[in-house]
Each structure stands twice: as structure tokens, then as C-alpha cells.
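One structure below.
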Amino acid sequence: MTDANATPLVEMRDISIAFGGVKAVDGVSVDLRAGEVVALLGHNGAGKSTLIKILSGAYPRDSGEILVNGQPAEIENPRDAKKYGIETIYQSLALADNVDAAANLFLGRELTTRWGTLDDAAMEAACREVMGRLNPNFTRFKEPVKALSGGQRQSVAIARAIHFNARILIMDEPTAALGPQETAQVAELTLQLKQEGIGIFLISHDIHDVFDLADRVAVMKNGKLVGSGRVGDMTKDEVLGMIILGKCPPGATPGPGALAA
Amino acid sequence: MADAASRQRAASPLTVNGFLRATEIDTRMLGMLGALAVIWIGFHLASGGTFLTPRNLWNLSVQSASIAVMATGMVLVIVTRNIDLSVGSMLGFIGMTMGVMQAEWLPTIWGYDHPLTWIVALAFGVGVGVAIGALHGWVIAYLGVPAFIVTLGGLLAWRGGAWWVTSGRTVAPMDGTFALIGGGVQGSIGAAASWAIALAACAAILAGLWFGRLRRRSFGFPLRPLWAEGVLGLLGCGAVLAAVAVFNTYPWPSRVAERWAEANGTVVPEGGFAHGLAIPVLVALAVGVGMTFLATRTRFGRYVFAIGGNPEAAELAGVDVAWVKMKVFMLMGGLVALGAAISTARLNAATNAQGQLDELYVIAAAVIGGTSLAGGAGTIAGAMIGAVVMQSLQSGMVLMGLDTPLQNIVVGLVLVVAVWVDTMYRGRKA
Ligand SMILES: Nc1ncnc2c1ncn2[C@@H]1O[C@H](COP(=O)(O)OP(=O)(O)OP(=O)(O)O)[C@@H](O)[C@H]1O
Ligand SMILES: [Mg+2]
């Protein structure tokens, strides 16, 4: 499906970051090609969110390199990441609670009128359209997002990431708060975006979802990469073994965090 | 959508709830206006009918202007989860520099009463204010020192600075044109011009409602019922016209009027010359309109509120949070300079004690006006009404002959009670 020899869309090489004494991410390398879904797995606190926050510009890395389309990318803050077409759905959702869905959708990229003033009507119209695709039952466009349910808030966060023609999409547990219907909608959307050639990093604890959606998995444990490989080359049990024990199966490429065999 | 429309149709003008829902009038704002009405009527009765007079209301409008101007900036400062304790001292320092500029430096260049003196002094003051704000904002936003500490330092430092400019000497008088910014007989625009402004304001209110409706219709969004638009237009225009009518019935002192009539070869008309709107009030209203525009219609305003709601989210969305915060403090500094101009012009002097305790009045105005100290919520209009509430309390107590210590006690109590009421209101809504 994807050409393994093409230049990766994103390459993160030997990335490390420490918070105080905690090495949250320790020498991790992952890559992502266009039209590919790579699942990042690992137990709680393994460093998944921290790794992708480095890619999205939220944290400055201590060491390592990020390449976009084979070129070294300078990502110092979230604005830089967006310039490279990197959009992120954060685990914390990162919504401004006191403003409405449209304001959150366009935060930092507001539509303006000819006179440079906010074009709230146009933003609301666009918001109604994209939310209609994601969560057709959503009607509370006028309310601050703190008045919304967890799932509705998550829909807003997803809408924000997909509305701006991302080339690289990071989804950190995007369906954690969603009901079955909305979860199915997001899965469908993920496959559709993949068809459009977007590269997707998906973080999820649901191994079934991962096997349905992802082309490859990369597993982290205690900040280190256990290994990575194609979904077709491994069983679910083997992947669970990687997550829980750090044991790299024969179908995967071991990383620095793999248990010595 | 269909369900929203039916809800709109169901909103009847005959029930209080239906009325508020259809007109989208903020109940909080309504509560504040109610409190103001209670204060006014209470003082009117308690003072034996001297509070609700054109003269007192006109004075109230002029006295509120400086605090109201600064409160609009304080709203944005508090919305971004900061505070500025230094505005009173900044006012003293900037007022002093503007005073020295126009009364001592500029006259050595081009003599007294030069037509450019006022504007140069004012621009200089605004420049100093923005520079001080930039310094505060930079230390707060880029060095990460809490605003409470930075501006507490500023509270001391700029008061010291105000003394230092002239070693404590009072500077007076101000330039003749500059003094008009403070109001008074000459610093008011008279009846005819006041009516003209009132009519223009009414036209703007109606046009705003009309274009807002057209715009919502072009996107197919739910509309307010027509009668609700009518009520809003009527209330808005009615308030403007009533205020101007009151200011236009406050005549100049008869001696001043006679002297002016004599000098200009006319006679004093029946009822005398009216004050009309005072220039400081016009300045405050213009600032209010401008700041409301900035807060609600521009990206900058949107970022200010988003930062107040969730600073991390704003940063992750790509907002340059530190720069926005720094700009908020620069704006605050500029507005303090305007407040300083109004207050020195009104006193016709710059003293090093000017603006003492103003930080409390400004913060109180913003908070009473609905600005949440937790950040993320507040309105410019609310803060300006809050300034009028604070000033009403103060002048009411003066009118009733309460002495200053007692006034301070009352103001302190009112502030705490107002925030308590606000906390309960928010708790109920959340
Ligand atoms: N801002 C921070 N400051 C200090 N420590 C942090 C910070 N962010 C993450 N950590 C630490 O880094 C480690 C990795 O956290 P991270 O959020 O990346 O885990 P995760 O793999 O996303 O876990 P989960 O599945 O629970 O979301 C944890 O030990 C966490 O405590
Ligand atoms: Mg996480």
C-alpha cells in the first residue's frame, strides 16, 4: 500500500527529553510515511504523549533530530509544527473552555473580514459544516465548550485537527471519551484521511482498534522504544507482550528498549 | 436547527424568561444596572433629594471617566489571569511627566499656550505609559515573574518616580487646551453637539442591530424575533437620549454664562447655556467603544480570552501567549496615560500624590463589572458600569457627609460582597 522506499514524511531520530531526573523519552526513533497509520503503543507513562508533543512543538527536545520530507525541520513551538502541516489532537484536548466551538476550531487561525475583524459568522458556518461530518447530533454552537460533554469536546478537538488540511496528523487517544457511533465515525475518518495520503500517528490503548486501523506499530516502555513492525507480521498477543514485558517478537525490529533475548 | 427555531418562536414577550431569552439581554448586566438603580435611589432619598439632579449626575459622569478608562484595560489584564497593582502610581508618574512637559519644558521652546502643546504632552504621556507597560509586561511574560509581584514593585517604584520628577513639587497650571480634557464649563460640548452625538449613537445602534440581523440571515442562523430587535433598539436609543437630556439640563453657573455672553456679544438664553456631554466622558465612551471592539471583534481580543480560559491550549493552538500578555500590559499603560491626562486636566495640576488608591478603584470596577479573577471572563461595558457604581458610592457618601475613613470601610466591604455575589452567581451557572 505504501512505498517502503519513499522518503518518510516524518522521521524522528534518537529523540530524548528529561523532566528533572525522569527520562520521559530516551533515544526513540520512529518514522511515518504518507498514507500510513503508525500506532504508538505502551503502558501509562511510557512516554507516548511526550514523544508526539515534541513533534507538535509543545516540548523542546533535549537531543535528537526531526526530519520532514527528508529535510531537517526546525520545530521550536506549535506554530512551527503547523507550518509543516502537523496537526495534533491532544490527549488533554487543549481547548479554551470559556469560548465556543467555532472559536476553538479557529484558535490561532481566525477567519477575518475584509477589514481585519473576526468573521464569527463565517467561522460558525465552517464549524457547523465540519462538526456535521463528525458528530451530526451536535447543536450547541453558541455555548462555551466547558458546557459540552466529554465526547462533544473531543469532537471539537478532532474537528480542529482535520479542518486545516493536515499532512501529518497526530491523534493522542482521540476516541477515549466517544460513544460507539462517534468512535466508528472517527475510525472511518481515519481511513479516509489515510486514503488522501495523510500520515497519521495514532496513540491508543485499544489493541483491536490498532489492528483495524494501523499499518505499523511502535511500542514504547519506560521512555524507550521496544520495537516496531508491520501489523501483518505480528499477532495481538505478541504486541501485548511487547507492551507489558518489553519482549520483541521475531516479526518486529527491536529497539534499544527491547528485553535482551 | 428546527428545534432552535421553535424555541425562538416559543419565546414570548409576556414572560420574563421568554423576554430575556429572545432579546439575549445578559442577566448579569441587568443585575448590575439594578444595583446601580438601588444605589442611586437610596442616596437620593437619604441625601434629601440631592443625588439624582442633573448637576450631580453630570459631576458623577466626569468623576467616573478616569477610573472607567483604566478599568477597560484592567479587564483584559485580569482576563489573562494577571493583575496590575501599579496603575495608581503609574498615573501619578505619567501625570507628573505630562505636567512638567506642558508647563515647564515645552514653553521654553515655543512659549505658553502653543496650539501643539496639549497634543505633544498627551502623546508623550501615552508613550511613557506604553513603555512602562511594556517593561512590566516583558518581565511578567518573558521572565516569568508573577504580575502581582512586578506591579507591586511598580506601585512603589512609580510613586517614587512621580516624586522624583520634580522632587515633590506640584506642577500647575496645565496648558489651556489640555485642561479641556478634564471637563468643566469649557471642557463640555454644549447642548447642540451633545444632541448630534446622541443621534449619531442611536443611528449606530440601529445600524448595528440591522446589519447583525442581515449577516446572521445570510448564513441561515437562527434570528431574534423582530419585536426583540425592536425592544433592544428602543432601550439602547432611549438610554442614550435620556442621558444626554439630563446633561443638557445642567446649565453653566450664571456668572460664567453672563461673562461669556458679554464677551461674545450675545445674551444668556432662557435656562442658561447647557453643559451637555463633558469631554472626559466622551473620551471614556470612545475608549469603551474602541476597547469593546478590540476585545470582541479582533484576533487580539480573541487570544486574550482564550489565554484566560486555558493558557496551555492557547499556546498549543499556536498563539504567541507571551507577546499577547505583553501587549495587554502595554495597552494598560496607554490607558493609564489617558486616565492621567483626564485627572491632571481636571485638577489643573499634577501632584505626586495623584492616583493614590486608584488601583483599588480600577480593580474594583472591573471585578464589580463581572470580570472573573480566575481569568477568561469579563466585559468592557460591565467594567465601565462598575466604575460608575464605585464613583456613585463615593460621591453619594460625600454628599451625605461621611468622612473618608468610613468611606473606605464601606468601599472595602462593597468590594468583598460584590465578589462574593459574583462567585455565587458563577457557581450556580457552572
Ligand atoms: N510536563 C511534565 N513534567 C514532568 N514530567 C512529565 C511531564 N510530562 C510527562 N511527564 C512524565 O513523563 C513520563 C511519560 O509521560 P507521557 O504523558 O508521555 O506518558 P504516556 O505514554 O502518554 O501515558 P498515558 O498512556 O497514560 O497517556 C511520565 O513518567 C510522566 O510523569
Ligand atoms: Mg498520553
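How large is ³J(HN,Hα), in whole Hz, for each residue of the stretch A:8-21 in order, when computed from phi with the Karplus curve 6.51 cos²θ - 1.76 cosθ + 1.60 and θ = phi - 60°, using x for Gly and Pro?
x, 5, 10, 9, 9, 10, 6, 7, 9, 8, 10, 10, x, x
Amide H neighbours of residue B:379 under 5 Å, counting only residues 5+ apart in sequence or on other chains, H built in-plane at 1.01 Å?
For residue B:379, the qualifying residues are B:371.
What ratio of Cα Rg to 2.2 N^0.38 Å holds for chain B? Please report the intermediate quantities before stating the final value.
Values: Rg = 22.8 Å, N = 430, 2.2 N^0.38 = 22.0 Å.
Relative to the 2.2 N^0.38 Å estimate, chain B comes out at 1.03.
Mean residue ellipticity at 222 nm from the helices of chain B, using -39,500 (n - 2.57) per DSSP H segment of n ≥ 4 over the full residue count, to the nearest 500 deg cm²/dmol? Write out the running numbers ahead of the final one.
Values: 19 runs with 312 residues, N = 430.
Value at 222 nm, helices only: -24000 deg cm²/dmol.
Taking 8 Å as the Cα distance limit and 6 or more residues as the minimum spacing, I'd like the relative contact order of the stretch B:189-277 as a percentage. Walk me through the numbers on the way to the answer.
Details: 74 pairs, mean separation 39.8, N = 89.
Averaging sequence separation for qualifying contacts and normalising by length gives 45 percent for the stretch B:189-277.
Using only the alpha-carbon atoms, what does the protein assembly as shown span along each of its principal axes? Please give whole angstrom values in decreasing order.
For the protein assembly as shown, the Cα extents along the three principal axes come out at 106, 63, 45 Å.
Where is the GNM fluctuation largest for chain B (alpha-carbon springs, 10 angstrom cutoff): B:385, B:368, B:197?
Maximum among the listed residues: B:197.
With the contact rule set at Cα under 8 Å and sequence spacing of 6 or more, what percent relative contact order holds for the stretch A:100-165?
Values: 56 pairs, mean separation 26.5, N = 66.
Averaging sequence separation for qualifying contacts and normalising by length gives 40 percent for the stretch A:100-165.
Using modelled backbone amide H atoms (1.01 Å from N, in-plane), which distant-in-sequence or interchain residues come within less than 5 Å of residue A:40's amide H?
When sequence neighbours closer than 5 places are left aside, the close amide H contacts are A:202, A:203, A:204, A:218.
According to the Kirkwood expression over distinct Cα-Cα pairs, how big is the hydrodynamic radius of the stretch A:45-84, in Å?
On the way: mean 1/r = 0.0962 Å⁻¹.
Its Kirkwood hydrodynamic radius stands at 10.4 Å.
Kindly provide the helix-only [θ] at 222 nm of chain A, computed as the sum of -39,500 (n - 2.57) over DSSP H runs of four or more divided by all residues, to the nearest 500 deg cm²/dmol? Walk me through the intermediate numbers first.
Working: 8 runs with 81 residues, N = 261.
Per the formula, -9000 deg cm²/dmol.
Partner chain Cβ atoms within 10 Å, averaged over the residues of B:304-315 - can you pull that number for me? Kindly include the intermediate steps, with their values, before the conclusion.
Numbers: counts 0, 5, 9, 1, 4, 11, 12, 1, 5, 13, 5, 7.
Whole-number average of other-chain Cβ neighbours for B:304-315 is 6.
Starting from the coordinates of the alpha-carbon atoms of the stretch B:189-277, obtain the Kirkwood hydrodynamic radius over all distinct pairs and give the value in Å to one decimal. Don't skip to the end; give the middle numbers.
On the way: mean 1/r = 0.0647 Å⁻¹.
The answer is 15.5 Å.
Give me the Kirkwood hydrodynamic radius of chain A, using the inverse of the mean 1/r over all pairs of distinct Cα atoms, in Å to one decimal.
Numbers: mean 1/r = 0.0528 Å⁻¹.
The Cα-based Kirkwood calculation yields 18.9 Å.
May I ask you to list the aspartates and glutamates whose Cα is less than 14 Å away from that of residue B:327, ignoring any residue fewer than eight positions away on the same chain?
Counting by Cα, and skipping residues close in sequence, residue B:327 has these aspartates and glutamates nearby: B:84.
Put a dot 7 Å past each Cα toward the Cβ at residue B:260 and residue A:187; how far apart are the dots in nm?
8.0 nm
Taking a Cβ-Cβ separation under 4.7 Å as the criterion for a possible partner, which cysteines of the protein assembly as shown have none?
A:127, A:248, each lacking another Cys Cβ under 4.7 Å.
Across the residues of A:177-189, average count of Cβ atoms on other protein chains within 10 Å? If you can, show how the numbers build up before the last one.
On the way: counts 0, 0, 0, 0, 0, 0, 0, 0, 0, 0, 0, 0, 0.
Rounded to a whole number, the mean comes out at 0.
Please list 3J(HN,Hα) in residue order for the stretch B:297-305, calculated via the Karplus relation 6.51 cos²θ - 1.76 cosθ + 1.60 where θ = phi - 60°; whole Hz, with x for glycine and proline.
Listing the rounded values in order: 10, 10, 4, 3, x, 4, 5, 4, 6 Hz.
Give the average over all directions of the projected area of the C-alpha convex hull of the stretch A:63-193, one decimal, in nm².
On the way: hull surface 37.2 nm².
Hull-based average projected area comes out at 9.3 nm².
Once phi is turned into ³J(HN,Hα) by the Karplus curve 6.51 cos²θ - 1.76 cosθ + 1.60 with θ = phi - 60°, what whole-Hz value does each residue of the stretch A:75-80 show in order, with x for glycine and proline?
The phi angles translate into 10, 9, 8, x, 5, 4 Hz.
In square nanometres, what is one fourth of the surface area of the convex hull spanned by the alpha carbons of the stretch A:162-261?
Details: hull surface 27.9 nm².
The directionally averaged projection comes out at 7.0 nm².
Would you grab the residues whose amide H sits under 5 Å from the one on residue B:319? Only those 5+ places off in sequence or on another chain, please, with H modelled 1.01 Å from N.
Correct list: empty.
Remind me, relative contact order of chain B in percent, using alpha carbon pairs under 8 angstrom and six or more residues apart? Display every interim value, and only then the final one.
Details: 661 pairs, mean separation 140.6, N = 430.
Computed over chain B, the figure is 33 percent.
Please work out, to two decimal places, the log10 of the ratio I(q)/I(0) at q = 0.14 Å⁻¹ from a Debye calculation in which every Cα of the stretch A:100-165 carries one identical scatterer.
Debye intensities relative to I(0), on a log10 scale: -0.36.
For the stretch B:108-213, rounded, prolate or oblate, judged on the Cα gyration tensor with a ≥ b ≥ c (square roots of eigenvalues), a/c < 1.5 rounded, else prolate if a/b > b/c?
Details: a/c = 2.85, a/b = 1.27, b/c = 2.24.
Because a/c hits 1.5 or more and a/b fails to exceed b/c, the stretch B:108-213 counts as oblate.
Loop only by DSSP, 15 or fewer other Cβ within 10 Å of the Cβ. Give me the GluC sites (Glu not before Pro) in the stretch A:181-216 that pass, ordered by residue number.
Values: sites: A:182, A:188, A:196; in loops: A:196.
When the GluC sites (Glu not before Pro) of the stretch A:181-216 are filtered for loop state and at most 15 Cβ neighbours within 10 Å, A:196 remain.
Among B:110-116, B:409-415, how do they line up from the highest to the lowest mean number of other beta-carbon atoms within 10 Å? Present the calculation step by step, with values, prior to reporting the outcome.
Details: B:110-116: 11.7, B:409-415: 14.3.
Highest to lowest by the protection proxy: B:409-415, B:110-116.
Using only atoms on other chains, find how many Cβ atoms lie within 10 Å of each Cβ of peptide A:102-108 and report the average.
Values: counts 0, 4, 5, 1, 3, 12, 12.
Per-residue shielding by partner chains comes out at 5.
None of the figures in this text is laboratory data; all of them are computed from the coordinates on show. Not measured: the values here are computed from a predicted model. Cβ coordinates were reconstructed from backbone atoms using ideal geometry, including for glycine residues, and neighbour counts include every protein chain displayed.
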